[in-house]
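A short worksheet on the structure shown next.
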Amino acid sequence: MRFGVLGPVRVWTDDGRPVRVPELKVRVLLAALLAREGRPVPQGRLVDDLWDAHPPGKPTG
């Protein structure tokens with residue numbers, strides 16, 4: 001898979017076909033993981049990235 005993160009988050013298969021990632025939260029999660037490629041991402045960091053100051057009641061669930 002190939003990823004584009006400068007500008008809108010984009011995803012392509014190895015053979016160049018675009019992969020649709022419609023949901024904003026999924027694109028934010030993907031960008032957060034790609035920005036830390038090869039390193040563990042603490043769940044608190046992901047909660048902050050996804051919900052900022054207003055996480056849901058049980059964000060890790």
Whole-number accessible area per residue in Å² for the chain, which is evaluated in the context of all protein chains at 1.4 Å: 80
Within the chain: Cβ-based charge dipole about Cα centre, in debye rounded to nearest 20 (Lys, Arg +1; Asp, Glu -1): 60
Ala53/Arg10 FRET efficiency (R0 25 Å; Cβ-Cβ; nearest 0.05): 0.35
Value of [θ]222 nm, deg cm²/dmol, for the chain, DSSP H segments ≥ 4, -39500 (n - 2.57) each, nearest 500: -10500 deg cm²/dmol
The chain - percent of accessible surface contributed by carbon and sulfur, probe 1.4 Å: 56
Size of the chain as Cα extents on the principal axes (Å, biggest first): 40, 25, 22
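The values are calculated or read from the model by the stated rules, or taken from the named source; none is laboratory data. Note that the coordinates shown come from a computational prediction; the quantities given were computed from them, not determined experimentally. Every residue, glycine as well, gets a Cβ built from its backbone with ideal geometry; the counts of neighbours run over all protein chains shown. The protein model used for the area step is the full one, side chains on, heavy atoms only, and it has no ligands, DNA or RNA in it. Shrake-Rupley method; radii C 1.70, N 1.55, O 1.52, S 1.80 Å.
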